[in-house]
Amino acid sequence: MQFPEYYNSLSVGNRSIDSEHQKLSAIINDISQLILVNHTVALSVAIKMLADCLHECFFVEENIAQAVNFDFTKHKLTHQALLNNFRAITDKLISQNGNLSKLERKVCIDSLNELLIKHIKNDSKPLKEVLDTHLYDFKPPELEAPKVKCGYGWVLQENE
């Protein structure tokens, strides 16, 4: 089975955000392969990595959006919906402990890939229109790594 790779037509017009999307794509590809070989221990680790990477991606997107005066309210809701959808799929994978039919595995793999593609191509379209008016390498000086810890619970908790 071929797994979709991140490709240039998915660019949202900003190097930092595109880089985060590429990381997500790579992790989803890893998860897809682990689903196929039924490696439940490694799958749990990869799912944790996906959760962490999603939150980091959202942090980067929000900071860049704020720096270019993009109203992030609606986009933030799409992030929450995306998290909920990813969580539903990954919860099923974890709860089934690898006991999925071939069809169920394919549905999970396809759903993970489709969620990411939809987020980039559709949900991020209004942000892309604004980012296209800026340099591709635009990055606000205050953009740092997220100061959150993220466990499998998919909940952001501030470090103190």
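Go through region 57-69 and count every residue that is surrounded by fewer than 18 Cβ atoms within 10 Å (Cβ to Cβ) and hydrophobic (A, V, I, L, M, F, W, C).
Counting residues in region 57-69 that are surrounded by fewer than 18 Cβ atoms within 10 Å (Cβ to Cβ) and hydrophobic (A, V, I, L, M, F, W, C) gives 2.
What about SER19, is it of a type outside the set (D, E, K, R), exposed (fewer than 15 other Cβ atoms within 10 Å of the Cβ) and at pLDDT 90 or above?
Yes; evaluated as a whole, the condition is true for this residue.
From (1) within 12 Å of the chain's Cα centre (by Cα); (2) within 15 Å of LEU24 (Cα to Cα), pick out the condition that doesn't hold for ALA81.
(2)
The values are calculated or read from the model by the stated rules, or taken from the named source; none is laboratory data. Note that the coordinates shown come from a computational prediction; the quantities given were computed from them, not determined experimentally. Quick reminder, even Gly has a Cβ in these numbers, built from the backbone with ideal geometry, and neighbours come from all protein chains shown.
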